[in-house]
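The values are calculated or read from the model by the stated rules, or taken from the named source; none is laboratory data. Predicted, not measured: the structure shown is a model, and the values here were computed from it. Positions of Cβ are generated from backbone atoms using ideal geometry, with glycine treated the same way; all protein chains shown enter the neighbour counts.
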């Protein structure tokens, strides 16, 4: 696994909304919510923090495996990619909690379905194939 | 012009908006290239074609491509269609999805497009004003959305019968919700009692699209423009039972241009160009009883039917003719180029715009 990550822009855009992180994959139309500790870790990751830097800034005990699994889930959804720079990142203290990526697929029609790769072969665009 | 996929003007109002814009631009003497993002590399085409203006339709496309186009010399126009976040918010109020933050997600995408484009376009001038209130004066303009063929405009207030017509594609959530709501809460009882005839639903519908039974409902599949207008024109009353949505609804302009008496929700009438003489474009109904009363009135009241149809035809004549369309489009292009030049001036002065990836 890479040491440092960044947002998979421009295919993915992200922002904070009312303290919750939101990431949108514009190629699939899938969107993701990260709350609480998940949002704080997400923000640190897209700024380039390593897992070690994030663990070191935790204000309480945390299982390193839960963090690794969380990072894996973000990479599997193609939200993160490897960052070329290796500059250390200062991570604000954060309160450990459940690390979870909540994923939604119910806005594909608005968020950017890929008409070629996600099209129903019989009905054509913009009909998405059945799951 | 960059669109997400092949356009199908007979199937969706969004495609119709794009198709009319293509015709309008060519009518103004522009050389236009339509770039289907999924089939051809939009950015490479923009580099090789060197257009003066790039129009990006669909927020998913524009939010992805606009960051890469910031240094392109062309003026960048985001074709907004409607404020989708408002449509999603209104729909979610009715349907209560798993997460109430869906509208904010859509807004995030739309606001990104507003801020990265030189100009955003909305058929509803009030929605353009909203964008200006967020991004700044001059950042958005209202556009004349549709080129109405004046040959098709006619007064059909004397059409006999008791049938209703609805037009709109099933993939647009407000259409599906509106048809099911009208069928279940208003039409079925009136149909069973014989007070009203069939509800014709136009717009590429299949039985799989509509939940529940089809009693009193006729779903129509693919039709050409001529076939559609002819079939709609044989109905006594047009309906627009949209309980949520945003922007100008093409179906309403279509009904008015066909000279069909209309019952509509207040949501459906948002943004429609008014009759310059102040006449009523429709009977407005937002609950089942109001709908029942309005439908029965338009079934029987010939004076009211004629009053509405004449008002609708004047609204179409003043707001949706080719002259109005071309005048507006020329203003849009000039404004976009002007804003692009000013952005270049700001850049030359060293105040580069900060773009978050």
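Below is a table of values for the structure above.
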{"item": "The stretch B:78-115 - residue that is without any contact (Cβ under 8 Å) to a residue 24 or more places away in the chain, within 12 Å of chain A (Cβ to nearest Cβ) and assigned to a loop (DSSP other than H, G, I, E, B) and, of those, surrounded by the most Cβ atoms within 10 Å (Cβ to Cβ)", "result": "B:101"}
{"item": "Condition met for residue B:239 (within 21 Å of residue B:183 (Cβ to Cβ), more than 15 Å from the chain's Cα centre (by Cα), in the same structural domain as residue B:173 (by TED's automatic domain parsing) and without any contact (Cβ under 8 Å) to a residue 40 or more places away in the chain)", "result": "no"}
{"item": "Residues of the stretch A:29-48 classified as within 10 Å of chain B (Cβ to nearest Cβ) and over 17 Å from residue A:70 (Cα atoms), total", "result": "1"}
{"item": "Selection within the stretch B:28-77 - more than 11 Å from chain A (Cβ to nearest Cβ), part of a loop (DSSP other than H, G, I, E, B), closer than 25 Å to residue B:12 by Cα and in contact with a helix residue (DSSP H, G or I) (Cβ under 7 Å, 6 or more places away or on another chain)", "result": "B:28, B:32, B:33, B:34"}
{"item": "Residues satisfying the stated conditions in the stretch B:265-285, i.e. loosely packed, with under 14 Cβ neighbours inside 10 Å and closer than 22 Å to residue B:184 by Cβ", "result": "B:266"}
{"item": "Residue count, the stretch A:1-47 (criterion: at pLDDT 90 or above and outside any strand (DSSP E or B))", "result": "15"}
{"item": "Any hit, the stretch B:239-246, residues being assigned to a loop (DSSP other than H, G, I, E, B), in contact with a strand residue (DSSP E or B) (Cβ under 8 Å, 6 or more places away or on another chain) and surrounded by fewer than 16 Cβ atoms within 10 Å (Cβ to Cβ)", "result": "no"}
{"item": "Candidates A:74, A:101, filtered to the one that is at pLDDT 90 or above, within 15 Å of the chain's Cα centre (by Cα) and within 14 Å of chain B (Cβ to nearest Cβ)", "result": "A:101"}
{"item": "Selected residue (criterion: surrounded by the fewest Cβ atoms within 10 Å (Cβ to Cβ)) from residues of the stretch B:1-17 that are at pLDDT 80 or above and more than 13 Å from chain A (Cβ to nearest Cβ)", "result": "B:16"}
